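Undergrad: Let me begin by handing over the structure; questions about it come next.
Bear in mind these aren't lab numbers, they're just calculated from the coordinates by the rules spelled out. Only a predicted model underlies this, so the values are computations on that prediction, with no experimental measurement involved. Using ideal geometry, Cβ is built from the backbone for each residue, glycine included, and neighbour counts are taken over all protein chains shown.
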Amino acid sequence: MNREETVIQKFGRNFSKDTILFRDGDLSKEMYVIQSGKVKIKKKIGDTEKTLAMLGPGEFFGEMATLLDKPRSATAEVIEDSLLIVIAPQTFEIMISTDAAIAVKIIKMLAGRLLEANETIESLMLKDDLSRIIHILTQMAETSGTKGGEDVVINVSPQELAQEVSIEVSVANDLLKRLCEINLIEIEGKTIRIKSIYKLRFFDLLAIKKASGQI
């Protein structure tokens, strides 16, 4: 039995779709690593429920409560049957203090999340609705998308995307329809297929330059 199999046998747990792992404000301290399946991180802001992240295999979450000994800052929901590694605070401390490779990986992932958060704040403050939608689509594609050649499929509905960008659903639908008409994306039920991240970003760049009078 290799190391990964040992970890799964010792800490792995299966969770069914729609399971709430923890809620905003909970005092639970476990950290989770996704082996298979998908988990949505969400938060209710006022009367609106906002999707903060859609996470897939290889990604982890819940580490802030483990590291800082603070209540949960969001809710985690299993959106398809998942196998998760559940790590208690004491186990987590032992792992990062005895395994430099794990510690470095976690530091890099935390730094990446901080960068994503900064980019999202910049996007929400400076860009128009279309650019913000494109930013979130490309961010989701890179972090949790399923790749097939140039195509990337992300598990997000137009309604969830509207919540993510903080715009009306009707506005999001109109903008997504525009992207469909120029063959940059396809909407397939509760998923969005990006034909090419590079073309989508290039379109966004042209739109920004046009709006600013540079072209």
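Undergrad: Is there a quick way to get the dipole size of segment 3-121? I mean about its Cα centre, with the Cβ of Lys and Arg at +1 and of Asp and Glu at -1; what is the value in debye to the nearest 20?
TA: 100
Undergrad: Report, in degrees rounded to the nearest 10, the 0 to 90 angle that the Cα long axis of helix 129-144 makes with the longest principal axis of the chain.
TA: Between the helix axis and the principal axis of the chain, the angle is about 30 degrees.
Undergrad: Over 25 Å between C-alpha atoms is what I'm after, so list which of Lys10/Lys147; Lys108/Lys177; Lys17/Lys199; Lys40/Lys147 land there.
TA: Lys10/Lys147; Lys108/Lys177; Lys17/Lys199
Undergrad: Going by Cα centres, segment 137-153 and segment 35-96 are how many Å apart?
TA: Answer, in whole Å: 21.
Undergrad: If you average the sequence gap of Cα pairs under 8 Å that are 6 or more apart and divide by the length of the chain, what percent do you get for the contact order?
TA: 18
Undergrad: Report, ordered by chain and residue number, the aspartates and glutamates lying within cross-link reach of Lys29, taken as a straight Cα distance under 13 Å and ignoring same-chain residues fewer than 8 apart.
TA: Glu63, Asp69, Glu93
Undergrad: Could you list Val153, Val39 so that the one with the fewest beta carbons within 10 Å of its beta carbon is first and the one with the most is last?
TA: Exposure proxy ranking, most exposed first: Val153, Val39.
Undergrad: With the Cα gyration tensor of segment 1-90 giving a ≥ b ≥ c as the square roots of its eigenvalues, does the rule (a/c under 1.5 for rounded; else a/b larger than b/c for prolate; else oblate) give rounded, prolate or oblate?
TA: Oblate shape, in that a/c is at least 1.5 and b/c is the bigger or equal ratio.
Undergrad: How high is the relative contact order of segment 3-121? Use alpha-carbon pairs under 8 Å, at least six apart in sequence, and give a whole percent.
TA: RCO, segment 3-121: 34 percent.
Undergrad: Residue farthest toward the positive end of the dipole of segment 30-115, with Cβ of Lys/Arg at +1 and Asp/Glu at -1: which of Leu83, Phe61, Met31?
TA: Checking the options against the dipole of segment 30-115, the answer is Phe61.
Undergrad: Please work out which option in (1) 1.00; (2) 1.10; (3) 1.26 gives Cα Rg over 2.2 N^0.38 Å calculated from these coordinates, and answer with its label.
TA: Evaluating Cα Rg over 2.2 N^0.38 Å on these atoms matches (2).
Undergrad: Could you list Leu27, Leu176, Leu161 in order of exposure, starting from the residue whose Cβ has the fewest other Cβ atoms within 10 Å?
TA: Leu27, Leu176, Leu161
Undergrad: Nearest 10 degrees is fine. How inclined is helix 100-126 to the longest principal axis of the chain, computing both from alpha carbons?
TA: The angle comes out at about 30 degrees.
Undergrad: Enter the angle in degrees (range 0 to 90, nearest 10) between the Cα long axis of helix 197-211 and the first principal axis of the Cα atoms of the chain, meaning the one along which they spread out most.
TA: Once rounded, the angle reads 50 degrees.
Undergrad: I'd like the GluC sites (Glu not before Pro) in segment 133-179 restricted to DSSP loop residues with at most 15 other Cβ atoms within 10 Å, sorted by number.
TA: Loop-located and lightly packed - Glu150, Glu168.
Undergrad: Here's a follow-up. Can you sort Glu30, Glu186 so the residue with the fewest Cβ neighbours within 10 Å comes first?
TA: Going from least to most buried by this count: Glu186, Glu30.
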